[in-house]
Amino acid sequence: MTDPVETLLYIDGAATAASDGGSYDIFNPARPGELVGRAAAGTPDDVDRAVKAAHAAFPAWASLGYEQRGALLRKVAAAITQDMAEVDARARLFTREHGKILRETHLEISRLGERFVQSANYAERLARDEMIRAAPNDTIITRQPRGVAALVVPWNWPLAILGAKLPQALMAGNTVVVKPSANSALAPTLTLHRIAELLPPGVVNILTGSASRIGDAIIGHPLVRYVNFTGSVDVGRHVMTVAARNITPVTLELGGNDAGLVLHDADLSGDAFHRLYRAAFMSTGQICFALKRLYVHRSRFAQVVDGLRAVVDAQVIGDGLLPETTMGPMNNAKQLKVVTDMIAQARAKGHNVIELGQVPDPALYAQGYFQRPTLVIDADPSLSVVRDEQFGPILPIMPFDTEDQALALANDDQFGLASSVWSADIDRAVALARRIEAGYSFINAHGPSAQDGNGPFGGFKKSGIGRNFGYEGVIQFQGYHSITAAPGSLA
Ligand code: NDP
């Protein structure tokens, strides 16, 4: 067994223990008795020091040009992705603390690097101000960074989600205080340390610890000028309330209950069922924009159920470190219970609930937070598995008769994050996607493996406020500033 890893806070250019010396344990979800490491448990005093350090570092960082910040971001991208031995060690640690398979932890690390490069590539576009020459004055419309940005990430995809906000915040000229989730803090914190070390002191500060102890202290700190939060609706609502005390603007990326619509003419040849599988079950289904409700034209319903069932049943459930494993455990007992309760409810109401997949090590399966990938056939719309976000390896499949009916079913939901339309006719699919209440739509795919980080990402309704990713994801970290003078006087 490997020795437990210990991670520290990072404040004002130095790795540091919590002010009271506290730390907390993180266990392996595949073997809940196995201690993977300990993370520093920050205190409100640590929060205050970190925010003040970020505030002090802000003027110098903000005054660097975009090209200079971009060059530093490229250096960061190289440092976190190019040493393959270090990347592999971090990915293995990440799998052990999180549960997800090694291929996905590698993917998260490389995604984070790509987003640093992508943000750096916006340098020229960001540097362009808009000039309006029109009576009564000439006006320059410029943008400026907001100041200290608080970045909060959940446990499910902590590094990839950091990639949706950290490089963008830095490129925009902000300094940051980052809070990883207690449920997956070690590899994200080590990665963040690598990043922080390459930047001037105070630009990136890292606070791990219990959200109930430090969460409000971060969000409500008077020197925090922007909050970018990814997590659940309930905590997002609370974060918005705390931020409101200082009129601090927020971006909230919250939950989703994404619908996928398989039309009568869908092309289900080739790897289509593998794409459907990944859409719903990647990361053991613990993805905000996983496919969570699958509506299939009645003429194709049996074909989709059979095809998906075959692919799902071939998956190997086990320890994410093993090369043969294609699905790891869920991250924590609380989330596992959400899914097992949904299964119990669907069964109690007489539904056809099919638990699939191969389990080579039943003893491990019994001790870890495992759940086989599960299909609920022709699920009633009142079931929790249809109405609520599952955030786990379970997918309800329902038939529809007309596209208008499918659209109404897709939109009859509290969330509006992502969606997908599956059709051989791309124009038809795009026309239907335009009518779905969602911030992001996929055609013939769904989820992170098909995401294009160039487009802004976020949701309608309870899925949140604002957008991450892309150019829009950078300028959200800035505010507009108009400078006006007499006609003809501005260069
Ligand atoms: P939570 O809302 O429980 O936690 C999210 C983050 O907020 C964690 O880092 C948590 O810390 C922190 N937090 C909790 N309380 C506070 C507070 N008072 N102030 C500041 N931060 C706080 O979500 P989960 O981590 O359980 O993630 C799952 C949820 O996230 C799902 O609902 C999912 O849909 C959503 N999500 C949304 C995404 C999107 O892009 N729309 C992407 C990924 C997930 P700690 O963990 O230490 O308690």
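The values are calculated or read from the model by the stated rules, or taken from the named source; none is laboratory data. Please read these numbers as outputs of a predicted model, since none were measured by experiment. Don't worry about glycine lacking a Cβ; one is built from the backbone with ideal geometry, like all the others, and counts go over all protein chains shown.
Here are a few things to note about the model shown:
- Screening the candidates Ala266, Ala379 for the property of being in contact with a Ser or Thr (Cβ under 6 Å, 6 or more places away or on another chain), modelled with pLDDT of 95 or more and either part of a loop (DSSP other than H, G, I, E, B) or within 16 Å of the ligand (Cβ to nearest atom) (or both) yields one hit, Ala266.
- Per-region count, the range 80-108, residues of a type in the set (A, V, I, L, M, F, W, C), under 23 Å from Leu35 (Cβ atoms) and assigned to a helix (DSSP H, G or I): 5
- Filtered residues of the range 219-253 (kept if within 11 Å of the ligand (Cβ to nearest atom) and aromatic (Phe, Trp, Tyr)): Phe229
- Residue match in the range 342-351 (condition: crowded, with 24+ Cβ neighbours inside 10 Å and in a loop (DSSP other than H, G, I, E, B)): no
Residue by residue, here is whether (1) more than 25 Å from Pro154 (Cα to Cα); (2) among the basic types (Lys, Arg); (3) in contact with a strand residue (DSSP E or B) (Cβ under 8 Å, 6 or more places away or on another chain) holds:
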{"residue": "Phe289", "(1), (2), (3)": "no, no, yes"}
{"residue": "Ala348", "(1), (2), (3)": "yes, no, no"}
{"residue": "Pro360", "(1), (2), (3)": "yes, no, yes"}
{"residue": "Leu383", "(1), (2), (3)": "yes, no, yes"}
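- Residue ID - nearest to the ligand (Cβ to nearest atom), chosen from residues in the range 172-188 that are within 16 Å of the chain's Cα centre (by Cα) and not in a loop (DSSP other than H, G, I, E, B): Lys179
- For first residues located in the range 168-191 and within 20 Å of Lys75 (Cβ to Cβ), partners that are part of a strand (DSSP E or B) and away from the ligand (no atom under 15 Å from the Cβ) and lie 6+ apart or on another chain with Cβ distances below 6 Å form the pairs Ala172/Pro145; Ala172/Gln478; Gly173/Pro145; Asn174/Pro145; Val176/Val204.
- When we screen Ala196, Ala169 for residues that are more than 15 Å from the ligand (Cβ to nearest atom), surrounded by 23 or more Cβ atoms within 10 Å (Cβ to Cβ) and over 18 Å from Ser63 (Cβ atoms), the only hit is Ala196.
- Residue identified as in a loop (DSSP other than H, G, I, E, B), more than 7 Å from the ligand (Cβ to nearest atom) and modelled with pLDDT of 95 or more among Gly260, Gly209: Gly209
- Residue count for the range 442-469, restricted to those that are over 18 Å from Val227 (Cα atoms) and either assigned to a loop (DSSP other than H, G, I, E, B) or not basic (Lys, Arg) (or both): 15
- Scanning the range 398-440 for residues that are surrounded by 23 or more Cβ atoms within 10 Å (Cβ to Cβ) and either without any contact (Cβ under 8 Å) to a residue 24 or more places away in the chain or part of a strand (DSSP E or B) (or both) yields a total of 8.
Rundown of residues vs (1) aromatic (Phe, Trp, Tyr); (2) in contact with a strand residue (DSSP E or B) (Cβ under 8 Å, 6 or more places away or on another chain); (3) under 20 Å from Ile465 (Cβ atoms); (4) at pLDDT 95 or above, yes/no style:
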position	(1), (2), (3), (4)
Val152	no, yes, yes, yes
Leu170	no, yes, no, yes
Asn174	no, yes, yes, yes
Ile195	no, yes, no, yes
Arg237	no, no, yes, yes
